[in-house]
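The structure under discussion appears below in the form of structure tokens.
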Amino acid sequence: MNRRLVPPPEKVTWADRYRLGLGVLMIVLGITILFRSIAAGIITLPAILMALAFIGFGVYRLYVGIVRYRLYVNQQRRGRDSA
């Protein structure tokens, strides 16, 4: 199986902003779950794993969104330089 990057978007849409917002929300939710479970004394494996899963997936979504946005900006710069 050959892995390739997804090509940069032609334009930034509301869906891209929505995905970035959900990534930030997942990180905040994961941190909230982690702190609330520790503060309540509920330090169990499922609580920790759930919090870390939210944080990890949120970081991944932000990373992918930022990389795609940088690819988009670089593509736009190259288009302006060649024109």
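Just so it is clear, none of the values below were taken in a lab; they were calculated from the coordinates. What you see is a predicted model, and the numbers here were worked out from it, not measured in a lab. So basically every Cβ, Gly included, is an ideal-geometry build from the backbone, and we count neighbours across all protein chains shown.
A full extension of the chain between Ala53 and Gln75 corresponds to an added length of 4.6 nm, given 0.36 nm per residue minus the alpha carbon distance.
Rounded to the nearest 500, what is the 222 nm mean residue ellipticity of the chain from helices alone, with -39500 (n - 2.57) per DSSP H run of 4+ residues and division by all residues? Can you show the working numbers first?
Values: 2 runs with 64 residues, N = 83.
Calculated mean residue ellipticity at 222 nm is -28000 deg cm²/dmol.
In this label model, Phe35 and Ala15 are separated by 3.4 nm, measuring between points 7 Å along each Cα→Cβ vector.
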